[in-house]
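Participant: Here it is, the structure in full.
The values are calculated or read from the model by the stated rules, or taken from the named source; none is laboratory data. Just so you know, these numbers come straight off a predicted model, no measurement behind them. Cβ atoms come from the backbone with ideal geometry, glycine included; neighbour counts cover every protein chain shown. Heads up: the accessible areas ignore ligands, DNA and RNA and are worked out on the full protein's heavy atoms, side chains in. Shrake-Rupley method; radii C 1.70, N 1.55, O 1.52, S 1.80 Å.
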Amino acid sequence: ILPRADVAAGDVLLGLASTGFHSNGFSLVRRIVEDRALSYSSPFPHANGMTLGEALLTPTRIYVRSVLGAIRETGAVKALAHITGGGFVENIPRVLPEGLVAAIDGASWAMPDVFGWVMKLGGIEEAEMGRTFNCGIGMVAVAAEDKAAEVARVLEEAGETVYRIGSLRKAREGEARVEIKGSLGSLR
């Protein structure tokens with residue numbers, strides 16, 4: 001049963017790529033589209049032949065098979081955080097024991113164009129993006145440093161795109177539970 005009791009400082013955070021918004025943050029997206037008087041049937045500027053509606057409604061990636069396979073095959077997955085509404089800031093702390101911080105390297109993955117487009121068009125700050133959207137990471141797996149490569153390999157063999165996005169460290173008093181350094185999802 002996850003999270004395991006041995007989640008600890010030094011553990012690695014593995015981010016599994018998302019396919020888009022995964023049904024979260026659409027109140028904000030709809031407001032941006034309406035405020036800019038855009039049409040969902042308009043071409044999406046970053047995808048040849050795709051409409052804005054298609055780009056926004058890319059089907060949600062389902063991680064169940066690959067994650068269960070990694071849990072069973074490696075025995076090394078300590079915790080999983082599904083990055084849904086609330087983004088990194090609300091979802092990752094749910095699987096961490098008190099006294100730990102998820103230190104994330106925001107430049108360790110490429111944020112899909114649709115997130116950058118919404119961010120720019122809506123004038124959304126990076127901190128708000130990390131609180132509202134998955135920004136290209138739909139699931140975070142926690143594994144010990146010496147097992148992280150094995151977990152990543154099994155997930156990749158199951159078809160996932162996996163990024164090493166950070167690690168856990170001890171918190172200082174009063175510190176936020178999630179720290180994102182660098183530009184979130186290295187906008188492309």
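Participant: Find, among the chymotrypsin sites (Phe, Trp or Tyr not before Pro) in the stretch 37-108, those assigned to loop by DSSP (not H, G, I, E, B) with at most 12 other beta-carbon atoms within 10 angstrom.
Facilitator: For chymotrypsin sites (Phe, Trp or Tyr not before Pro) across the stretch 37-108 that sit outside H, G, I, E and B with at most 12 neighbouring Cβ atoms in 10 Å, the list is empty.
Participant: For K181, list the aspartates and glutamates whose Cα falls under 18 Å from its own Cα; do not include residues on the same chain fewer than 8 positions away.
Facilitator: D11, E90, D105, E125, E126, E128
Participant: Using Cα pairs closer than 8 Å and at least 6 residues apart in sequence, work out the relative contact order for the stretch 29-167, in percent.
Facilitator: 32 percent
Participant: Which of the trypsin sites (Lys or Arg not before Pro) found in the stretch 10-64 are loop residues per DSSP with 15 or fewer other Cβ atoms within 10 Å of their Cβ? It would help to have the intermediate numbers written out before the result.
Facilitator: Numbers: sites: R30, R31, R36, R61; in loops: R36, R61.
Those satisfying the criteria are R36.
Participant: A follow-up question, please. Which lysines does K78 reach when only Cα atoms under 23 Å apart count, and residues fewer than 8 places away in its own chain are ignored?
Facilitator: K147, K170
Participant: What GluC sites (Glu not before Pro) does the stretch 76-148 have in DSSP loop regions with at most 13 other beta carbons within 10 Å?
Facilitator: E98, E125
Participant: Relative to the longest principal axis of the chain, what angle (0 to 90°, nearest 10) does the C-alpha long axis of helix 64-74 take?
Facilitator: In the chain, helix 64-74 runs at an angle near 20 degrees to the longest axis.
Participant: Give me the number: length gained by fully extending E156 to E173, i.e. 0.36 nm times residue separation minus the C-alpha to C-alpha distance, one decimal in nm.
Facilitator: Net length gain for the segment: 2.4 nm.
Participant: Would you work out what percent of the accessible area of the chain, with all protein chains in place, is carbon or sulfur (probe 1.4 Å)? The partial results should precede the final answer.
Facilitator: Details: 4820 of 9250 Å².
Carbon-and-sulfur percentage of accessible area, whole number: 52.
Participant: Another question, if that's okay. As a test of the definition: which semi-axes, in Å, follow for the stretch 82-184 when you take the square root of five times each eigenvalue of its alpha carbon gyration tensor? Largest first, please.
Facilitator: 22, 19, 11
Participant: Would you kindly state how much longer the chain becomes between R164 and L2 on full extension, computed as 0.36 nm times their sequence separation minus their alpha carbon distance, in nm to one decimal?
Facilitator: So the extension gain works out to 56.3 nm.
Participant: So, one more: Take the Cα atoms of the stretch 77-124, find their three principal axes, and give me the spread along each one in whole Å, biggest first.
Facilitator: 37, 20, 18
Participant: Another question, if that's okay. With viscosity set to 1.306 mPa s and temperature to 10 °C, compute the Stokes-Einstein D of the chain, Rh being the Kirkwood radius across alpha carbon pairs; µm²/s, no decimals.
Facilitator: Rounded to a whole number, D works out at 94 µm²/s.
Participant: Related question: Between K147 and R30, take the C-beta separation as r, use R0 = 35 Å, and let me know the FRET efficiency to the nearest 0.05.
Facilitator: Values: r = 42 Å, r/R0 = 1.19.
Here the calculated transfer efficiency is 0.25.
Participant: Testing the spin-label approximation: label points 7 Å from Cα along Cα→Cβ at L38 and L57. State their distance in nm.
Facilitator: Computed distance between label sites L38 and L57 equals 1.5 nm.
Participant: If amide H atoms are built 1.01 Å from N in the plane of the peptide, which residues on other chains or at least 5 residues away come under 5 Å of the amide H of I180?
Facilitator: When sequence neighbours closer than 5 places are left aside, the close amide H contacts are I104.
Participant: Continuing with the same structure: Against the longest alpha carbon principal axis of the chain, how many degrees, from 0 to 90 and to the nearest 10, is the axis of helix 26-35 turned?
Facilitator: Taking the Cα atoms of the chain, the angle to 26-35 is about 30 degrees.
Participant: Which value, in Å², gives the accessible area per residue of the stretch 71-132 when a 1.4 Å probe is used on the protein heavy atoms?
Facilitator: On a per-residue basis, the stretch 71-132 sits at 40 Å².
Participant: Okay, next question. Can you tell me the Rg and the Dmax, both Å, for the Cα atoms in the stretch 1-104?
Facilitator: 17.7, 51
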